[in-house]
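One structure is given here, and the rest of the page talks about it.
The values are calculated or read from the model by the stated rules, or taken from the named source; none is laboratory data. Everything quoted here is computed from the prediction, not taken from an experiment. Neighbour counts run over all protein chains shown; Cβ positions are idealised from the backbone, glycine included. Quick note on the areas: whole protein, heavy atoms, side chains included, nothing else; ligands and nucleic acids left out. Shrake-Rupley method; radii C 1.70, N 1.55, O 1.52, S 1.80 Å.
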Amino acid sequence: MPDRPVVTRIAPSPTGSMHIGTARTALFNWLYARHTGGKFLIRVEDTDRERSTEAAVQVIFEGMRWLGLEADEPPVFQAARADRHREAVDALLARGAAYRDYMTAEELEAEREAARAAGRVVLSPWRDIAPNDAPDRPFVVRLKSPLTGDTVVADKVKGDVRFQNKDLDDLILLRSDGSPTYNLAVVVDDHDMGVTHVIRGDDHLNNAARQTLIYQGLGWEVPVWAHLPLIHGPDGAKLSKRHRAQAVSEFDSMGYLPEAMRNYLARLGWGHGDDEIFTDEQAIAWFDIVDVVSAPARLDWAKLNHINNHYIRQAEIGRLADLVSAIHESRDLPAPPALRPVLERAVPLVRDGAKTLLDLADSTVFVLMQRPLVLPEKALGQLTEETRARLGRLATRLAAATAWDVPALEAEIRAFAESEAVGIGKFGPALRACLAGAASAPDLAGALTALGQEESLGRLHDALSPAA
Ligand code: GLU
């Protein structure tokens, strides 16, 4: 292990969305850096100029910000570093670890066929031709890989993964137009950023072998590798479009809290005994890369919902009210500032049952409704002469109430039912409809408490007045 402070990084390629696997990789890098007192960096791998639009880059930053995974230094942009990548290629050439390959397209095609027939990798004759014999025509620069022996990727998650060098062809480092290739850029950038631990998805395991050869060619220290298993859907198949959500922004829109995502994602491939719910501080204290398991992790919606519910129950009411208001607004249900206190009273009364912020938004819509409420058919049927008269008597009683909170109102309703010598079921559903229309609402005392005395009585009055 390098004898330096730990430096980890996330190196996303901007594609227009941030995959949940990238989020998990970022989280593990962040946790490991925090655990070791090291640094967590971000590098934007924006060499695909068509996909790497400003908007696509912003999606990554927004995803990281939302997840609460802050990098310790400003981002590095890979495309801006092409000169430095070319400089490293010059160094490889000078060390005899790379060569200029002048094969023409036809020669390359012929060599490919010969290699295929002989069951070996492509070998350019220019591997062994002295540079001063170079013709004046376009060339690519290739890494001069060893032909025998093994390259071992000593992976912290997978264990030692052995690659036979005879199977690794001479990787192109610079294309004939002078542009650096992916594996070269990653090695140079990781080295220059001082990265000690490369923690990333195991779809990059093969690249680790090639990158090891580049490090060796440059005489640089090879970082510690840790390749994480991919995230699969609940059915065990690779996470894809048919699995409800794969992008960070989708989890946001589905009403998951970032701290719930951090907690849940930490459990995808890593764990601390049976601990299901833990704080960031605990995760930081416990996290070690060697404890990551190598089997793919499966997304489990029930667990995610359970964890999200936990954090919804813990969150500050003001923050939940903000988040819920934003959802209401996106549904064209703006909450006037005057209703803010009402919303803040409603949130704690309904949040226990909320798996997501969308649930919380649904169960607080009743406070936003404008008088007079439109009552559902069913409620109109329940408002018989008898029930109207009873609710009228209840309204009189509620108008005189001096305490307006859940325990007081529960007692009030119970006492009223007794005085009427009926069960609460006789008038409860109708009362609820008068207060909330067709919207879902907490229990009666909760709905009354949230709405407040004046609004509750107003809604009751509307529903009981002859015009209703
Ligand atoms: N840019 C690569 C990706 O988005 C990651 C490369 C790396 O982590 O080395 O998958």
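Numerical summary
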{"read-out": "Residue count for segment 23-81, restricted to those that are away from the ligand (no atom under 12 Å from the Cβ), part of a loop (DSSP other than H, G, I, E, B) and of a type outside the set (Gly, Ala, Ser)", "value": "9"}
{"read-out": "Evaluation of Ala302 against (1) crowded, with 18+ Cβ neighbours inside 10 Å; (2) part of a helix (DSSP H, G or I) (one fails), failing number", "value": "(1)"}
{"read-out": "Number of the condition not met by Ala411 [criteria: (1) touching a residue at least 12 places away in the same chain (Cβ under 8 Å); (2) loosely packed, with under 14 Cβ neighbours inside 10 Å; (3) aliphatic (A, V, I, L, M)]", "value": "(1)"}
{"read-out": "Criterion (out of contact with any Asp or Glu (no Cβ under 6 Å at 6 or more places or on another chain) and open to solvent by 60 Å² or more (accessible area, probe 1.4 Å)) met by exactly one of Arg9, Arg34, Arg24", "value": "Arg34"}
{"read-out": "Selection count where residues are within 14 Å of the ligand (Cβ to nearest atom), basic (Lys, Arg) and farther than 17 Å from Leu41 by Cβ, scope segment 169-211", "value": "1"}
{"read-out": "Enumeration of residues in segment 128-167 that are buried (at least 20 other Cβ atoms within 10 Å of the Cβ) and either in a helix (DSSP H, G or I) or among the aliphatic types (A, V, I, L, M) (or both)", "value": "Val140, Val141, Leu143, Val153, Val157"}
